1. With respect to L247, is the statement that it is surrounded by 17 or more Cβ atoms within 10 Å (Cβ to Cβ) and touching a helix residue (DSSP H, G or I) at 6+ places or on another chain (Cβ under 7 Å) true?
2. Could you list, ordered by first residue, the pairs with Cβ atoms under 6 Å in which the first is in the range 199-211 and over 22 Å from D77 (Cα atoms) and the second is polar (S, T, N, Q), at least 6 apart or interchain?
3. Give E241, E288, E255, E225 a once-over and let me know the one that is modelled with pLDDT under 95, charged (D, E, K, R) and farther than 30 Å from L136 by Cα.
4. Any residue in the range 106-128 that is closer than 30 Å to L64 by Cβ, more than 13 Å from the chain's Cα centre (by Cα), not small (G, A, S) and not in a helix (DSSP H, G or I)?
5. Would you mind finding the one in L16, L86, L76, L35 that is modelled with pLDDT under 90, under 30 Å from M269 (Cβ atoms) and in a helix (DSSP H, G or I)?
6. Looking only at helices (runs of 4 or more DSSP H) that lie completely in the range 147-211, which have at least 3 residues being touching a His at 6+ places or on another chain (Cβ under 7 Å)?
7. Given the structure, is R51 among the basic types (K, R) and more than 15 Å from L113 (Cβ to Cβ)?
8. If you check every pair at least six apart or on different chains, which have Cβ atoms under 9 Å apart with a residue in the range 43-70 that is closer than 16 Å to K26 by Cβ and assigned to a loop (DSSP other than H, G, I, E, B) first and a residue that is at pLDDT 95 or above and aromatic (F, W, Y) second?
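The values are calculated or read from the model by the stated rules, or taken from the named source; none is laboratory data. Everything quoted here is computed from the prediction, not taken from an experiment. Counting neighbours? That spans all protein chains shown, and the Cβs are built from the backbone with ideal geometry, glycine included.
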Amino acid sequence: MNRARGGGPLWALLALLLLLGACAPKRLDEARSALRTNDLPTARRLLEADRERFPNSVAVGLALGEVYYRSARDALDWDGDEGRYLAYLEKAMDEFVHVAELDPENDQPHFYLAVIDIYRGELERAQRGLRNVRRLAPGPIADTNIAEGYIYAGDLLEAGRWNQAGLNAGAGLGPVTFNEMLMHWSAGEIDAARRDFEILRTQYPETIRTINVAPLPTAPRSFEEFAGYCCGSPACGPYLEHACESLSLPVKYREISKETLLQELRLEMESQRRMREIYRQRKELEIEVEPDAGDP
């Protein structure tokens with residue numbers, strides 16, 4: 001009862017907390033600020049320094065994986081540099097799989113790997129990943145993410161069902177209205193899509209400032225401006241090709257060589273191999289990883 005007197009366990013606990021604080025990643029918040037302004041070189045430098053000191057930090061791994069993914073997109077979409085694209089893509093996938101190895105119950109690696117799959121045009125694999133997110137972290141946002149995947153796949157009936165499920169579960173009007181905007185646009189209901197956009201612009205502006213995690217150059221001021229960004233992004237436009245055509249907007253596709261495509265496939269196969277190994281040992285989590293060609 002008297003241990004707190006004279007510097008007993010209470011003092012030891014305070015000293016331990018101070019030590020843990022000193023050993024925590026220092027640059028994470030600064031890197032996240034750089035990410036918000038799309039300053040990827042600064043974010044990379046800060047996070048790579050923390051990664052050296054804390055190789056098993058889940059938070060650092062997720063943030064660095066996002067930086068590498070966005071760097072890969074910039075390298076290909078803006079510079080047409082397939083070599084840098086592949087280098088950053090490999091690093092991004094490695095970070096996310098490493099986080100899954102560290103914390104198999106964490107839903108975020110599956111989310112980011114699904115984002116990469118959407119960018120690469122692998123919708124079926126992306127939907128599998130989004131359902132894994134929902135298994136690990138059931139909730140309304142998981143439902144609306146699945147709904148968005150169905151919009152890209154052109155299944156508006158299923159998209160509406162999942163979007164309503166997200167709304168019923170408490171997703172909030174931001175992500176639900178965003179999906180409704182895409183659905184109205186896909187269905188040719190442009191006036192309804194414009195009304196949805198105005199709700200988002202005035203009440204939930206953060207929802208229209210990114211496409212597939214990557215931020216837009218500027219916040220769109222009109223539905224047509226947002227649509228232009230979508231159609232001009234390989235992560236969005238190819239899935240809404242007919243909707244883009246209805247507004248006479250050109251669609252930007254990923255343009256990569258056969259060699260780069262084969263390298264992408266190699267990276268994907270290695271990523272899936274590692275994920276299978278993780279969840280083969282954690283069957284109780286019921287995670288669906290694409291089976292190996294040699295699996296029964």
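1. No, not satisfied.
2. Here the result reads I199/T177; L200/T177; L200/T207, each pair linking the range 199-211 to a residue that is polar (S, T, N, Q).
3. After ruling out the rest, the residue left standing is E255.
4. yes
5. Checking each option against the conditions leaves just L35.
6. 190-203
7. Yes: the conditions hold for R51.
8. Taking only residues 6 or more apart or on different chains, not a single pair turns up.
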